[in-house]
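Please treat every number below as a calculation from the coordinates, not as lab data. From a predicted model like this one, the values you see are computed outputs, not experimental measurements. Here the Cβ positions follow ideal geometry from the backbone for every residue, glycine too, while neighbour counts run over all protein chains shown.
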Amino acid sequence: MTTTPRIEIDLEKISHNATKLREIYASKGIGIIGVTKAVCGDPAVADVLVRAGIDTLADSRLENIKRMRQAGVQAQFVLLRSPAPSQAESAVKYADISLNTEFSVIEALSRFAVKTGVTHKIILMVEMGDLREGLLPGALEETVEQVIGQKGIVLVGIGTNLACFGGVKPDEENLGHLSSLARDIEEKFGMTLRYVSGGNSANYDWFMSTPDVGKINNLRLGESIFLGCESLHRKQIPGMSTDALKLVAEVIESKVKPSKPYGDICQDAFGNMPDFSNRGLMRRVILGIGLQDVLVAGLTPRTDIEILGASSDHILIDAKELGLKVGDEVEFNLNYGALLSSMTSPYVAKSYCGGS
Ligand SMILES: *Cc1c(COP(=O)(O)O)cnc(C)c1O
């Protein structure tokens, strides 16, 4: 028997999703970058994306990019988060392209690029209302001018990120604005922007409904490749697999017990005051997995059981009519947060199926 807890990754389904998304977006001239941060830059998954025709991979962590490079993944690598000044040297060493918003960081990248005799490509991120990273649109032109003068640095595009921090929906207005900024930069500086990168998995509805994508020619996709859904409403994208990944945990205790804790009630392990209603006796099952392994709130059981709660190392289940015994396995679907956390946890084993 394989070990638990484990995450099972169906490489065939991921490959299907990647191919399908590439085709969907290509129908209006948009190329995609595969974002690997939700799977911690897992080289087996990265290889599948490359074989599905995605030649550029992006991650917000240099450690993940390094991991993929060292495993021999043949792709161009993008650092998705603005490099910290202390990471400028490794950013130049491991990433071909980085997303940037601070000129002082670009200067640092330039120094290391010159020192090591390489060119480092950058995409300038522009603020379009979500209020995470980005130059204010009014500062873009001046920054482009400064960047053009930096040795060892090539400006290859501009981009924006929406629906991440502020939940702002990608629409005709904000993406139209990005397009017009791209047009202005190209005219003013007589250059072609290889990337006008309009966003992430939240851009699907905009893409499907827009009569004209304008200058937007790229999206950076993670969630929709792995979970088969867009990320504004978490709706399935037609024809995509939503079950490419599952989490498997094992029953370590199974007993009929009361549903309401008894005794004097004080704080639980995380400082909350628990309040459980009395539902009589129930089959309470404990799984050998907890908050140190996964964001439990992001799990959905694949069978008819209910998650009652969790502590660091235990998930409590109402097993209802399911006769779960010690040693039985229980399967869950994962949302983005649950995927990210379980892929990151060293306690969760990773197993693969469907690979060629
Ligand atoms: C995480 C991230 C993405 C990918 O987002 P998904 O919703 O997983 O598609 C794209 N761009 C940036 C800057 C990110 O940080």
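Over 25 Å between Cα atoms, which of K20/K246; K28/K246; K257/K350 qualify? Pairs exceeding the cut-off: K28/K246; K257/K350.
Between S351 and Q74, what length comes free when the chain is fully extended (0.36 nm per residue of separation minus the Cα-Cα distance, one decimal in nm)? Spell out each step's value before the answer.
On the way: separation 277, 0.36 × 277 = 99.72 nm, distance 2.21 nm.
Taking S351 through Q74 to full extension adds about 97.5 nm, to one decimal.
What shape does the range 99-195 take by its C-alpha gyration tensor, where a ≥ b ≥ c are the square roots of the eigenvalues and a/c under 1.5 counts as rounded, a/b above b/c as prolate, and the rest as oblate? Prolate, since a/c reaches 1.5 and a/b exceeds b/c. Listed by chain and number, the aspartates and glutamates whose alpha-carbon sits under 17 Å from that of K255, ignoring those within fewer than 8 places in the same chain, are E306, D318, E321, D328, E329. Using the alpha-carbon centroid of each, what span in Å lies between the range 279-356 and the range 116-144? Using only Cα atoms to place each centre, the spacing works out to 41 Å. Quick check on the range 269-356: take the gyration tensor over C-alpha atoms, sort the square-rooted eigenvalues as a ≥ b ≥ c, and tell me if it's rounded (a/c under 1.5), prolate or oblate. Judged from the Cα gyration tensor, the range 269-356 comes out oblate (a/c at least 1.5, b/c at or above a/b). Ellipticity at 222 nm from helices only: DSSP H runs of n ≥ 4 in the chain, each -39500 (n - 2.57), divided by the residue count, give -9000 deg cm²/dmol.
Taking loop as defined by DSSP and a crowding limit of 16 other beta carbons within 10 Å, which trypsin sites (Lys or Arg not before Pro) in the range 277-356 fit? Provide the component values of the computation, followed by the final result.
Values: sites: R279, R283, R284, R302, K320, K325, K350; in loops: R279, R302, K320, K325.
Here the sparse-neighbourhood loop sites are R279, R302, K320, K325.
Remark: the D55-K320 segment gains 90.7 nm on full extension, using 0.36 nm per residue and subtracting the alpha carbon distance. Measuring gaps between exposed loop sites in the chain (chymotrypsin sites (Phe, Trp or Tyr not before Pro); DSSP loop; at most 16 other Cβ atoms within 10 Å), the longest gap, sites not included, is 1-164. Under 12 Å of direct C-alpha separation, and excluding same-chain neighbours fewer than eight residues apart, K37 reaches these aspartates and glutamates: D59, E63, E223.
Within 15 Å, Cβ to Cβ, of I33, how many net charges do the neighbouring residues add up to if Lys/Arg are +1 and Asp/Glu are -1?
Working: positive: R22, K37, R81, K121, R194, R220; negative: D55, D59, D96, E223.
Summing Lys and Arg as +1 and Asp and Glu as -1 gives +2.
Pair-distance distribution P(r) for the chain, from all Cα-Cα distances in 10 Å bins starting at 0: 5, 22, 28, 22, 14, 7, 2, 0 percent.
Summing Lys, Arg as +1 and Asp, Glu as -1, what charge do residues with Cβ under 9 Å from the Cβ of R283 carry, R283 excluded?
Working: positive: K255, K257, R284, K320; negative: D318, E321.
Computed value for this residue: +2.
Determine which residues of the range 50-70 fall in the zone a paramagnetic label at S86 would reach in this model, i.e. backbone nitrogen under 19 Å from the point 7 Å along Cα→Cβ. Residues passing the 19 Å test: 60-66.
Which longest uninterrupted range of the chain lacks any GluC sites (Glu not before Pro) assigned by DSSP to a loop state (not H, G, I, E or B) and surrounded by at most 16 other Cβ atoms within 10 Å?
Working: sites that count: E102, E321.
By the stated rule (loop sites, at most 16 other Cβ atoms within 10 Å), 103-320.
How big is the antiparallel share of DSSP beta bridges in the chain, given as a percent to the nearest 5? List each step's numbers first, then the result.
Values: 27 of 59 bridges.
Bridges in the chain that DSSP calls antiparallel: roughly 45 percent.
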